[in-house]
Every structure is written in C-alpha cells, then in structure tokens.
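One structure is given below, encoded as structure tokens.
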Amino acid sequence: MDKKKIGVFIDGSNLWHCVKANKWSLDYHRLKWFFYERGDVLDIYYFTPTMPHLEHFLEILDKMGYKIIKKPIKVFRARNASGIREVKHKGNLDVEMAITIMKNINNYDEVILVTGDSDFECVIDELKSLGKNIVCICNSSAMAYELKRKANIVYTLEKLKKRLKFRKNKTTAG
C-alpha cells in the first residue's frame, strides 16, 4: 500500500507564540520527523515575517528541508486603548499560506496545518470537499473552535511536548 502524500504548512508566528506560551523550546528536527511518521512528506512550508534576528534560525530550518516563505514585516504607528501612539509590527502571512496550499493541493492526500487561526476554516472546508485529510496542530487554548471541529485529527502542542521538546545533548567526560 502506498504511503499517503503529505503537505505541511506552518504559521511561524503562531507556532512561535504557542511555544513561548508553553515555556519550552521546540525541537524543529523532532517536529519534522513527527510529520514523516504520518506518511510521505512532500513539502514542509514555514511562513514567517522577515526580521533580522530570525535569519540564522531560518537558515537552519532551510538546511533541515523546510521551505521558507517570507514577507517583510509591516511597521506602522497606531493609538492604543489609552490614546498613546505606539509603533506596531504586523507580519501576517495567512493569505500566502492559503494560496500556497490551494496551488499545491493536487500533490497531497493529507494537509497538516500548524496554526490555530480560524481564518483557515474556509481552507479546511475546501480541502475536505476535495477528499483531503486535515490535521491541525496548535496549543489547546490558541486553537480556534472551528479548526478543532472540522479537522480530521487535532494534536495539541501540550500533548506533544515529550516528543517535540528540545533536549540538549549530554556528553560525558572521559
């Protein structure tokens, strides 16, 4: 029997905020192999805003086989609730992620979405109408109800912690 063909689509900002909220470091190598356990992974896309402090990290992901999709971060000034002007940063790539999924959908039997954003509900509806299996991964508290309800399989990062947590290699002096 042929292995199912899988496409993985990671909302980098969403994943970063989830892992930060969990207070543990994600091992992106372990994450990659977690995907491979499900079948034949054809693509792992990582969507992220362009920021100088991320460049080294993104180079590492690229060397691991992640396909990096970047967009310049938008910087603007806005008033907060107290009326004070603040500098805001926005780096949303949801549209780029949705377009990339739909442009490549005929390559996959299963789509893994690493996001909790309810904006992907219509994408999931379309994918399911095409007979695709949908897996969503996010923190339990950050995953929109629509994704929990519509995905075929839901994994929470909290439950995956043991498998995906970064561990420093221990060396023994000898």
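Please find, within the stretch 58-87, the residue that is farthest from the chain's Cα centre (by Cα) out of those that are among the small types (Gly, Ala, Ser) and on the phi < 0 side of the Ramachandran plot. I'd like the intermediate steps shown before the answer.
Filtering the stretch 58-87 down to residues among the small types (Gly, Ala, Ser) leaves 65, 78, 81-83.
Within this subset, residues satisfying the condition of being on the phi < 0 side of the Ramachandran plot are 78, 81-82.
Details: ALA78: 28, ALA81: 30, SER82: 33 Å.
Checking each candidate, the answer is SER82.
Taking the stretch 126-167, which residues are among the polar types (S, T, N, Q) and either buried (at least 17 other Cβ atoms within 10 Å of the Cβ) or assigned to a helix (DSSP H, G or I) (or both)? Write out each step before concluding.
Within the stretch 126-167, the first condition is being among the polar types (S, T, N, Q), and the residues that meet it are 129, 133, 139-141, 152, 156.
Matches in the stretch 126-167: SER129, ASN133, ASN139, THR156.
When the residues of the stretch 51-73 are filtered to those that are part of a strand (DSSP E or B) and in contact (Cβ under 8 Å) with a residue 24 or more places away in the chain, the one that is farthest from LYS103 (Cα to Cα) is LYS71. Within the stretch 82-93, one or more residues are within 24 Å of ARG38 (Cβ to Cβ) and aliphatic (A, V, I, L, M).
Any idea which residue in the stretch 97-120 is nearest to MET51 (Cα to Cα), counting only those that are touching a residue at least 12 places away in the same chain (Cβ under 8 Å), loosely packed, with under 15 Cβ neighbours inside 10 Å and not small (Gly, Ala, Ser)?
Going through the stretch 97-120, the residues touching a residue at least 12 places away in the same chain (Cβ under 8 Å) turn out to be 97-98, 100-102, 104-105, 107-120.
Among the residues that remain, those that are also loosely packed, with under 15 Cβ neighbours inside 10 Å are: 102, 107, 118.
In the following step, the residues that additionally are not small (Gly, Ala, Ser) were identified as 102, 107.
Working: MET102: 27, ASN107: 31 Å.
Out of the qualifying residues, it is MET102.
Table: residues versus (1) modelled with pLDDT under 95; (2) closer than 17 Å to ILE6 by Cβ; (3) polar (S, T, N, Q).
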| position | (1), (2), (3) |
| --- | --- |
| ASP119 | yes, no, no |
| CYS122 | no, no, no |
| LEU127 | no, yes, no |
| LYS132 | no, yes, no |
| ASN139 | yes, no, yes |
| ALA142 | yes, no, no |
| LYS159 | yes, no, no |
| LYS165 | yes, no, no |
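The values are calculated or read from the model by the stated rules, or taken from the named source; none is laboratory data. It should be emphasised that the depicted structure is a prediction, and the values quoted were computed from it without experimental measurement. We place every Cβ from the backbone using ideal geometry, glycine too, and count neighbours over all the protein chains shown.
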